[in-house]
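These notes are about the structure you will find just below.
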Amino acid sequence: MRVHLTLNGRPTELDVAPSDLLLDVLRDRLGLTGGKRSCDVQVCGACTVLVDGGPVSSCTYLAAEAHGRQVMTIEGFRETPAFDQIADAFARHAALQCGFCTTALVLTTHALLEEGELTDEASIRHGLSGNLCRCTGYRAILEAVADLAGAEASA
Amino acid sequence: MTVIDVKGPTVGAGQVGRSMRRVDADEKLRGEAQYVGDIVIPGMLHGKVLRSPVPRARIVSMDTAAAATMPGVVAILTGDDLLDIDPFWGHAIKDRPIVAIGMVRFVGEPVAAVAAVDETTAEAAVKAIVVEYEDLPVVGTLDEALAPDAPLVHDGPTRPGLFHGLGTLPERDGNVCYRYRIGTDEVDPIFETAEVVVEGTYEFPGVYQYAMETHGVVAQVDGTGITLWATCQHPFLVRAEIAALFDVPLGKVRIHVPYLGGGFGSKSYTKMEPITVALARKAGRPVRIVNRVDESMVTTRRHNARTWMRTAATSDGRLLAREARVWFDTGAYADNGPRVTATGGDAAPGPYRWSAMRVDALCVYTNTAPSGSYRAFGASHLQWVGELQVDEVARTVGMDPVEIRRLNLARPGDEVRRGGKPLDADLVGDVEKVADALGWDRPRDADTGRGLSVGLLAAGAHPVSSAVVRMETDGDVVVLVGSTEMGQGQRTAMAQIAAEVLAMPAERVRCQGTDTRFTPYDRSTGASRSTTLAGLAVQKAAAEVREDLLDIAALVWPHPVASIELRDGAARCGGESRTYPELIARRFGLSGGQLTGEADVHPQGTGSYAEGPVFWEVCIAAAEVHVDRATGQVTVRRTATIADVGKAINPQLVERQDEGATMQGIGNALFEEMVYADGILLNDNLLEYRVPTIEDLPAHSTCVIVENGDGPGPFGAKGCGEGAFAGIIGAIATAVADAGVPVRELPLTPERVWRSIQEMQEDHR
Ligand code: FES
Ligand code: FES
């Protein structure tokens, strides 16, 4: 079936099977490998992309569902001014190690900041609870995101 | 502290000891960093593995006909394709076939593999392969494996692997594949007469490392040899094992290591490389296999273990003797089990001044997933047990946990293990620091417990590393070193070390992933060894380039070298200066050239395990927990860890290492557990196998960096990043015990804690 979507700001037309997952289409067919596959069951969030501005797990999101929507991957987001600020906070706090979870966290953080959902430590913990990171132990991520949200983080 | 001889005054360049931004930050944040699963090479097929659904069975028949004719299927690998080679591998014990031959020994064991044009086709073909199994009695647990009439998981002789590194491997005894014994019989009379004796049996769970990136390999087999892109912590050991397995010279195996999405030990030694190479060989085209999480979970895991331990002491709190017997469940194949067993044996006594101790540690086969390395292995299994007993002694004699440790801990220079490296850290100082950092003496309520734990981990593995440092015409530097960047910040640390020696900004030093054809040999990335050993090789290699720069500078200024100083990327003498590019042009003329330094680190003695370790990694942490007596829920409120690193190359990254280890330790102590029943893993996915989320982050955590300059690495550094894992498990266990709940079994799930509380109340009735 044919799907029309806006991918990273560009109108895009794709031929997909009804069962094709968005993550596979992005990674294998379009070469957009910035989003990662890990758990496959919507737990880890490593495959997060933004659909109409909101974070979704692309490992369990049908490509067909993206019809008529705006899809943003890290490859698109990194070209926007909002990226620099988030990236800078993550780098300053060393809120990344292996990097496998990182693009997903950057996109999720951006979406939550845009929606005004990150107001204090509790809301950051809640908002990011769908993004696993096995390396950092989350302290650095909490600090980086609190910095961006202008919130206080415990130490 | 290791002193490298360098010409000229060594001015602190300020590159070491600075929390510079990670050199890989931008690539990773931008999604440009490449991992194995992102790599596509021309003609590449996708591989999927057919895995055994049963824990122990004879393979009666296998029918691949239907799968083979499916459109898009290129090759199917079975045991029949391996008749031209000796298809068994395993770095410790060569006990593992590339794919099952005649029988299967655990659920998830590779039985066949398919290469097809895409993953969906490969997966469909895997499902179309029909295998008939004849079930055999299952050895599902340690008890079943150790029963007198237990079926044998393996029969036939034990064949040592290439890198067991533990002296002569004994013959297998029933299902016991390795045994590590230290200490003496002098313990017996002490236990007979001691005033205080505590004793117990403790259970440690099998857990999954969960590097978020699963195991993955791209393999290509052609006229030039075997080329791999693989998730390898130890590319040079894998190269040797692949060369031996497929009977080709080392130089015909080439391994590329891109970024790793976490390792934590799960990607140490050989894992998915043999099956991918065998499949690519059959297909005659490159093949990529990337595991799903359920597959990586059974590719390697952490040993579950049982420990019986007793500790003797005087009534005034002097520790006298300790004895332990430990059984490590290594699953169906040894993997790194023998080394885990030895390291656990070394950790069992704990770093105290014993009059006598005796440890007997056994590595046992069962029909479960093979068990190998995971951060701070051995110490994580044993430290919590020993520390619970130290606290039990303290409670019995009415002493504070800090006080009893101050009285009994080993001092720098004390023997830790007979014939091995003496203690190289100030443990008493560290314990005092961690207690302070936690707020040991702050008031608390009845449901709050505090604990701290101290231990040592034999670190560094085998001390062989080498490095090449190259200064380009423009003064930028490339470091070639074979340790793997898996998140720990190795590339950043290496850049800082080279930059310090060369007195230039670390931002101008590049360090890339290994290509075994060009990168000099490094034994492995693990055992907290990279900064210490690979870092030392980088420091020495950089010192050679430094010498070259000074030699050239001495031609510019006819002064003694002692009066020439390297600073900020230039040589300086009197009021004059020459930049590095200017010095390079002076030697080579205008067309360019390159200064190269090369160095290695090798064992001083024979390099045997008994002589080691390279250093004792300090495992110290403290925790404050809250126990909800109605639900059994344990909440970690506060943690403190000690990073006793000799010298912090990058303090921020040191802290971040401890934070990561702390969180993994919290998962291991409180809820992570691979649940097996009759050899079947019941929670083989991340919905049912829960790992910590940001909601589990304790309200407060502190990492205290201790820099005593007492490490064998560059600038007095020693490794870190693992110790906190063992430390925090012990701290949580002792804290829960301090809150009045007996602890004998991990993880401390609400149900387990609630039951302990109920049983205790019944005992008191
Ligand atoms: S891979 Fe999609 S949520 Fe884990
Ligand atoms: S940085 Fe490795 S999983 Fe988050």
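Every number in this text was worked out from the coordinates using simple rules, so none of it is lab data. The structure presented is a predicted model; accordingly, all values stated were derived computationally and were not measured. A quick note on method: Cβ atoms are made from the backbone with ideal geometry, for glycine too, and the neighbour counts reach across all protein chains shown.
Ranked from highest to lowest mean number of other Cβ atoms within 10 Å per residue, what is the order of the peptides B:222-232, B:110-120, B:191-201?
Output ranking for B:222-232, B:110-120, B:191-201: B:110-120, B:222-232, B:191-201.
For the stretch A:46-53, what does the Karplus curve 6.51 cos²θ - 1.76 cosθ + 1.60, with θ = phi - 60°, yield as ³J(HN,Hα) per residue in whole Hz, taken in order and with x for Gly and Pro?
Working through the residues one at a time gives 5, 9, 4, 10, 9, 10, 6, x Hz.
I'd like the mean, over residues of B:652-660, of how many other protein chain beta carbons sit within 10 Å of each residue's own Cβ.
5
Once every DSSP H run of n ≥ 4 in chain B is given -39500 (n - 2.57) and the sum is divided by its residues, what mean residue ellipticity at 222 nm do you get, rounded to the nearest 500 deg cm²/dmol? Don't skip to the end; give the middle numbers.
Working: 18 runs with 203 residues, N = 765.
It lands at -8000 deg cm²/dmol.
At 0.36 nm per residue, and after removing the present C-alpha to C-alpha distance, how many nm does the segment from B:VAL561 to B:HIS764 gain when stretched out fully? Walk me through the numbers on the way to the answer.
Details: separation 203, 0.36 × 203 = 73.08 nm, distance 7.91 nm.
Answer, rounded to one decimal: 65.2 nm.
Is the shape of the stretch B:608-714 rounded, prolate or oblate, going by the alpha carbon gyration tensor and its root eigenvalues a ≥ b ≥ c, with a/c under 1.5 for rounded and a/b larger than b/c for prolate?
oblate
Below 16 Å, Cα to Cα, which lysines can B:LYS94 reach? Residues fewer than 8 away in the same chain don't count.
Correct list for B:LYS94: B:LYS271.
What nm distance separates the two modelled labels at A:GLU115 and A:GLU13, each placed 7 Å from Cα along Cα→Cβ?
So the two model labels end up 3.3 nm from each other.
Long-range amide H contacts for B:GLY593: which residues qualify at under 5 Å (H placed 1.01 Å from N, peptide plane, sequence gap of 5 or more or a different chain)?
Here the answer is B:THR473, since their amide H atoms fall under 5 Å of that of B:GLY593.
Quantify how strongly other chains surround peptide A:72-85 by giving the mean number of their Cβ atoms within 10 Å of each of its Cβ atoms.
Working: counts 0, 1, 4, 3, 0, 2, 5, 1, 0, 0, 0, 2, 1, 0.
Average neighbour count from other chains, rounded to a whole number: 1.
Which one, A:THR109, A:PHE83, A:CYS133, projects farthest toward the positive side of the charge dipole computed for the stretch A:81-149 from Cβ point charges (K/R +1, D/E -1)?
Value: A:CYS133.
Quick one: check the C-alpha center-to-center distance for the stretch B:55-82 versus the stretch A:31-87, whole angstrom.
What the calculation gives is 37 Å, centre to centre.
Take B:ASP135 and B:VAL248, extend 7 Å from each Cα along the Cα→Cβ direction, and tell me the distance between the two endpoints in nm.
Going by the 7 Å Cα→Cβ label model, 4.2 nm.
Taking only C-alpha pairs under 8 Å that are 6+ residues apart, what is the relative contact order of the stretch A:2-75 in percent?
Relative CO of the stretch A:2-75 lands at 42 percent.
Run the numbers on chain B and let me know its relative contact order in percent, using alpha-carbon pairs under 8 Å that are six or more apart.
17 percent
Can you work out the Karplus-derived ³J(HN,Hα) for every residue in the stretch B:101-116? Use 6.51 cos²θ - 1.76 cosθ + 1.60 with θ = phi - 60°, whole Hz, and x for glycine or proline.
For the stretch B:101-116, the Karplus curve yields 10, x, 8, 10, 10, 7, 5, x, 5, x, 10, 7, 8, 10, 10, 9 Hz.
Take every Cα pair under 8 Å in the stretch B:513-614 that's 6+ residues apart, average their separations, divide by the length, and report that relative contact order as a whole percent.
Rounded, it is 28 percent for the stretch B:513-614.
Counting Lys and Arg as +1 and Asp and Glu as -1, each charge on the Cβ, what is the dipole of chain B about the Cα centre in debye, to the nearest 20? Write down the numbers at each step before the final one.
Values: 75 positive and 102 negative charges, 300 e Å.
The calculation lands at about 1440 debye.
Output the peptides B:576-587, B:297-308 sorted from most to least packed, where packing is the average of other Cβ atoms within 10 Å over each peptide's residues.
Put in order of decreasing packing, that is B:297-308, B:576-587.
Name the shape class, rounded, prolate or oblate, that the alpha-carbon gyration tensor gives for chain B, where a ≥ b ≥ c are the square roots of its eigenvalues, rounded holds for a/c under 1.5, and otherwise prolate holds if a/b is larger than b/c and oblate otherwise.
It is oblate, given that a/c is not under 1.5 and a/b is not larger than b/c.
What distance in nm separates the two pseudo spin-label positions at B:ASP143 and A:ASP52, each 7 Å out from Cα along the beta-carbon direction?
Label-label distance for B:ASP143 and A:ASP52, simple model: 5.6 nm.
Tabulate in residue order the Karplus-calculated ³J(HN,Hα) for the stretch B:694-704, using 6.51 cos²θ - 1.76 cosθ + 1.60 with θ = phi - 60°, rounded to whole Hz; enter x for Gly and Pro.
Per-residue couplings from phi come out as 4, 5, 8, 5, x, 4, 9, 8, 10, 10, 9 Hz.
What dipole magnitude, in Debye to the nearest 20, does the stretch A:2-75 give about its Cα centre under +1 on Lys/Arg Cβ and -1 on Asp/Glu Cβ?
140 debye
Counting partner chain Cβ atoms within 10 Å of every residue's Cβ in A:138-150, what's the average?
Numbers: counts 12, 14, 5, 3, 2, 0, 0, 1, 0, 0, 0, 0, 0.
What the average comes to for A:138-150 is 3.
Which lysines, if any, have their Cα less than 22 Å from the Cα of B:LYS718, not counting same-chain residues under 8 positions apart?
B:LYS421, B:LYS433, B:LYS540, B:LYS647
Take the alpha carbon gyration tensor of the protein assembly as shown, find the square roots of its eigenvalues, order them as a ≥ b ≥ c, and report rounded if a/c is under 1.5; if not, report prolate when a/b exceeds b/c, else oblate.
Here the protein assembly as shown falls in the rounded category.
Can you give me the long-range amide H partners of A:GLN70? Hydrogens built in the peptide plane at 1.01 Å from N, cutoff under 5 Å, separation of 5 or more residues or another chain.
So A:GLN70 has HN proximity to A:THR6, A:ASP52.
Along the charge dipole of chain B, which of B:THR168, B:LEU82, B:TYR35 sits closest to the positive end, that is, farthest toward it, with unit charges on the beta carbon of Lys, Arg, Asp and Glu (+1, +1, -1, -1)?
B:TYR35
Express in whole angstrom the spacing between the alpha-carbon centres of the stretch B:678-698 and the stretch B:336-365.
Using only Cα atoms to place each centre, the spacing works out to 28 Å.
Residues in the stretch B:589-603, backbone N under 12 Å from the label point at B:THR473 (7 Å along the Cα-to-beta-carbon vector): list them, ranges by number please.
B:589-594
Only Lys, Arg, Asp and Glu count, each charged at its Cβ (+1, +1, -1, -1), so figure out the dipole size of the stretch A:81-149 about its Cα centre, rounded to 20 debye.
Details: 4 positive and 9 negative charges, 78 e Å.
The calculation lands at about 380 debye.
Which three numbers, in whole Å and largest first, are the semi-axes of the equivalent ellipsoid of the stretch B:386-456 derived from its Cα gyration tensor as √(5λ)? Numbers along the way, then the final one.
Details: eigenvalues 132, 40, 17 Å².
In descending order the semi-axes read 26, 14, 9 Å.
List the aspartates and glutamates whose Cα sits under 15 Å from the Cα of A:LYS36, skipping any in the same chain fewer than 8 residues away.
Result set, ordered by chain and number: A:ASP24, A:ASP28, A:GLU75, B:GLU27, B:GLU32, B:ASP38, B:GLU213.
If we sort B:551-563, B:481-493 on the protection proxy, mean other Cβ atoms within 10 Å, highest first, what's the order?
Details: B:551-563: 14.5, B:481-493: 27.9.
Top to bottom by mean Cβ count within 10 Å: B:481-493, B:551-563.
Amide H to amide H under 5 Å from B:GLY265: which residues, 5+ apart in sequence or cross-chain, H placed 1.01 Å off N in plane?
Placed amide hydrogens put B:ARG375 under 5 Å from B:GLY265.
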